[in-house]
Protein chains: 2
Amino acid sequence: MPATRLALACAALLACTCADAATPYRSAQQILDASPASAWRTLDPARTLYMELDAGRVIIELAPEFAPEHVANIRTLAHERFWDGLSIYRAQDNFVVQFGDPDGEEPGKAKSLGSARTHLPAEFHRPAAGLAFDRLPDSDGWAPEVGFVAGFPAARDPKKGTAWLAHCYGMLGAGRNNADDSSIGAELYVVIGQSPRQLDDNITVVGRVVQGMELLSTIRRGPPPMGFYEDPAQRTQIRAIRLASEVPETERTPLQVLRTDSQTFRDATEARRNRVDDFYKRPAGHIDLCNVPVPVRAPTKG
Amino acid sequence: MPATRLALACAALLACTCADAATPYRSAQQILDASPASAWRTLDPARTLYMELDAGRVIIELAPEFAPEHVANIRTLAHERFWDGLSIYRAQDNFVVQFGDPDGEEPGKAKSLGSARTHLPAEFHRPAAGLAFDRLPDSDGWAPEVGFVAGFPAARDPKKGTAWLAHCYGMLGAGRNNADDSSIGAELYVVIGQSPRQLDDNITVVGRVVQGMELLSTIRRGPPPMGFYEDPAQRTQIRAIRLASEVPETERTPLQVLRTDSQTFRDATEARRNRVDDFYKRPAGHIDLCNVPVPVRAPTKG
């Protein structure tokens, strides 16, 4: 019988030499495998959150470059154990999971915010000046320029001089009501589907899940259209959310992230833009911002 | 305490009147609610698959316009109950779930394909001529033109005169090996994450999940990088896959799909391109092909 397995993504790890090219094609994985140590950075525990679920640990990198006020508040909330015992109370398919206090808007039932601030400015975007912006060669219809800033998918408007984080898979945002300054970082959501880029520059984005997305993406969905569970028993309990720097070193998860300003990252992205292997018959010559993975790994020894 | 719930997607269903606009803004939902019956079509049972899982029914619309040979073979396989008792044996986060015969490549263990064909031509694209192509005003970097054909997200190349289906969330494709004609429709995958458009025109796409995506998207992921389960016990069993036309009428799920060539669909898409409500502060003026939902509903009575 014919071979019919779907061999996507690693169909052909063998390099193929193009007759008229100076150097043979290397796949993104081959480029990563040959990366120098300098292409990787260790996650900073002071800007890393651990979300502890029964199913395991979700690891989040915070983005104080873009949302300093929200990130400061999130640090306070984690330090004071605001989320411990709260829940993921919404899961909308192809959109977001959302967590925090499901009773947050009910006076008398809402959990105390402790010493966290109860009002923050909107941090939808920031000045582009001062940011090292590693631009993708490709553009899309959502923003004049897209690329990466310090490991995060981002967009930039040269005319306005602003930059903002993009709503790709795994991005963490601060839920709000209609007022632009109605978020404080206590209610958060993570993108679990096709990137809802219409939210870009409309909401404060505070970070990105770097490991453990499969623990969030597989959570049972709530009822349409919004995915809020009707039965509280269906919520996913949050054991704890902690700053990694406040967790004993022996309990931390050592993790390295590929530097998005490294040649390795640029080369791997280019290899994905134009795949030359036995599987792909028509290289795209393009990549969408939200299709570019930012690899993580356990630290290498030695 | 401040209101901090994330009120995305239905934040403001009230129409807001723009001072200098001739007609008030209507949200996509308002437009759908006011749609005429003629904007909807009933799913054709002869091109509808029911995938029966313990968790419920996944409903798939087939696309014979684009992959006639594969769809014919899939009809044969369903008729002869090929998939009954087989499994979803792969789940890769932010990519695909894949199902069929996990032993399909092992002589002696592979399930018989019955009277299905064991070789088919690749059906990556087809002539654009003869297709009603409802083009989106927006473009992306993956294709010269994008839009909808008979309910499916699609792309078109006017220079080459070809059209093909786009790998959006929920699309169903035929797994293959390296040879372009190595798929026969027995091993299938569904996109469960950010649209992997690099696969467009590189693989035969055969349909789209129109209901029940949450049953596939929440399936426990297999181990990286490819998501094939190591322990067969972790696979999700398939009770049956049937053509709706071969299921007794009393057991069918009546379903209507919004016609993508209707004014309602165009108006709803435009309302999503430029959201004017109390939540959005900066309308995008854009939508990505894979961000356009194709609504379904139970048939209205009367």
When you look at A:Gly173, is it small (Gly, Ala, Ser) and over 13 Å from the mean Cα position of the chain (by Cα), yes or no?
no
Output for Cβ contacts, cut-off 7 Å, separation at least six or different chains, first residue over 15 Å from B:Arg47 (Cβ atoms) and modelled with pLDDT of 95 or more in the stretch B:248-261, second open to solvent by less than 30 Å² (accessible area, probe 1.4 Å) and among the hydroxyl-bearing types (Ser, Thr, Tyr), reads B:Leu258/B:Thr264
Regarding the stretch A:197-219, can at least one residue be identified that is part of a loop (DSSP other than H, G, I, E, B), in contact with a helix residue (DSSP H, G or I) (Cβ under 8 Å, 6 or more places away or on another chain) and either in contact (Cβ under 8 Å) with a residue 24 or more places away in the chain or more than 8 Å from every other protein chain (Cβ to nearest Cβ) (or both)?
no
In this structure, does A:Phe95 turn out to be surrounded by fewer than 22 Cβ atoms within 10 Å (Cβ to Cβ), under 30 Å from A:Glu145 (Cβ atoms) and within 12 Å of another protein chain (Cβ to nearest Cβ)?
yes
Just wondering, is there one or more residues in the stretch A:239-262 that are buried (at least 21 other Cβ atoms within 10 Å of the Cβ), within 30 Å of A:Tyr25 (Cβ to Cβ) and of a type outside the set (A, V, I, L, M)?
yes
I need the full set of residues from the stretch A:266-290 which are out of contact with any helix residue (DSSP H, G or I) (no Cβ under 7 Å at 6 or more places or on another chain) and assigned to a helix (DSSP H, G or I), in order please.
A:Arg266, A:Thr269, A:Glu270, A:Arg273, A:Leu289, A:Cys290
Taking only pairs six or more apart or across chains, which ones have beta-carbon atoms under 8 Å, a first residue in the stretch B:278-300 that is touching a residue at least 40 places away in the same chain (Cβ under 8 Å) and open to solvent by less than 50 Å² (accessible area, probe 1.4 Å), and a second residue that is among the hydroxyl-bearing types (Ser, Thr, Tyr) and part of a helix (DSSP H, G or I)?
B:Ile287/B:Thr269; B:Val292/B:Thr269
Those residues of the stretch B:54-81 which are over 17 Å from the mean Cα position of the chain (by Cα) and open to solvent by less than 10 Å² (accessible area, probe 1.4 Å), in sequence order
B:Asn73, B:Leu77, B:Ala78
Does B:Ala163 satisfy being touching a residue at least 12 places away in the same chain (Cβ under 8 Å) and either part of a loop (DSSP other than H, G, I, E, B) or under 22 Å from A:Asp138 (Cα atoms) (or both)?
no
Set A:Thr162, A:Thr118: member being polar (S, T, N, Q), open to solvent by less than 40 Å² (accessible area, probe 1.4 Å) and within 14 Å of chain B (Cβ to nearest Cβ)
A:Thr162
Flag for A:Phe99 being under 21 Å from A:Arg57 (Cα atoms), of a type in the set (Phe, Trp, Tyr) and modelled with pLDDT of 95 or more
yes
Among the residues of the stretch A:258-282, how many are farther than 26 Å from A:Val210 by Cα and at the interface with chain B (Cβ under 8 Å from one of its Cβ atoms)?
5
Across the stretch A:169-194, what is the total count of residues that are crowded, with 24+ Cβ neighbours inside 10 Å, in a loop (DSSP other than H, G, I, E, B), of a type outside the set (Gly, Ala, Ser) and more than 7 Å from chain B (Cβ to nearest Cβ)?
1
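The values are calculated or read from the model by the stated rules, or taken from the named source; none is laboratory data. Since we're looking at a predicted model, the values are computed, not measured. Note that each Cβ is placed from the backbone with ideal geometry, even for glycine, and that neighbours are counted across all protein chains shown. For accessibility, only protein heavy atoms count, side chains too; no ligands or nucleic acids. Shrake-Rupley method; radii C 1.70, N 1.55, O 1.52, S 1.80 Å.
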